[in-house]
Amino acid sequence: MVSIVLRIRLLSGDQLDVTYETGDAVDDADAVENAVAAFTTDDGVLRCRHGDRLLVLFARGVAAVEVAPRGAVL
């Protein structure tokens, strides 16, 4: 399972750091591509974690996705 940290900027201007895990990716680049592909349609969703909480992000509310460097605060 590959786990990456994404910084999500919402349309409201707020941002949050989330952990996205995927079992079908072989490396970090594939995990990033899977996450971006989830947002390509208006009805796309991404299941991720913020701390110990499960979070579902809807593509309509996301303004930008940034792959956070190591050391992102969760």
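Assorted remarks:
- If you go through the range 5-37 and keep only what is surrounded by fewer than 12 Cβ atoms within 10 Å (Cβ to Cβ) and among the hydroxyl-bearing types (Ser, Thr, Tyr), you end up with just Ser12.
- Summed over the range 18-30, the residues that are in contact (Cβ under 8 Å) with a residue 24 or more places away in the chain and either more than 15 Å from Leu57 (Cβ to Cβ) or touching a Leu at 6+ places or on another chain (Cβ under 7 Å) (or both) give a count of 7.
- Within the range 38-48, considering residues that are without any contact (Cβ under 8 Å) to a residue 24 or more places away in the chain and not in a strand (DSSP E or B), the one surrounded by the most Cβ atoms within 10 Å (Cβ to Cβ): Ala38
- Beta carbons closer than 9 Å, at least 6 apart along the sequence or on distinct chains, pair a first residue in the range 49-65 that is closer than 14 Å to Tyr20 by Cβ and free of Cβ contacts under 8 Å to residues at least 12 places away in the same chain with a second that is surrounded by 11 or more Cβ atoms within 10 Å (Cβ to Cβ) and not aliphatic (A, V, I, L, M) for Leu54/Arg47; Leu54/Cys48; Val56/Arg47; Val56/Cys48.
- Figure legend. Inter-residue proximity from the range 2-17: first residues closer than 10 Å to Val65 by Cα, second residues acidic (Asp, Glu) and surrounded by 15 or more Cβ atoms within 10 Å (Cβ to Cβ), beta-carbon distance below 8 Å, spacing 6+ or different chains. Indicated pairs: Leu6/Asp17; Arg7/Asp17; Ile8/Asp17.
So that you can scan it fast, the table gives a plain yes or no per residue for (1) modelled with pLDDT of 85 or more; (2) among the basic types (Lys, Arg); (3) under 10 Å from the mean Cα position of the chain (by Cα):
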{"position": "Gly23", "(1), (2), (3)": "no, no, no"}
{"position": "Ala31", "(1), (2), (3)": "yes, no, yes"}
{"position": "Phe39", "(1), (2), (3)": "yes, no, yes"}
{"position": "Asp42", "(1), (2), (3)": "no, no, no"}
{"position": "Arg49", "(1), (2), (3)": "yes, yes, yes"}
{"position": "Leu54", "(1), (2), (3)": "yes, no, no"}
{"position": "Ala63", "(1), (2), (3)": "yes, no, no"}
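The values are calculated or read from the model by the stated rules, or taken from the named source; none is laboratory data. Everything numeric here is computed off the predicted structure, so don't read it as measured data. When we count neighbours, we look across all protein chains shown, and the Cβ atoms used for this are built from the backbone with ideal geometry, even at glycine.
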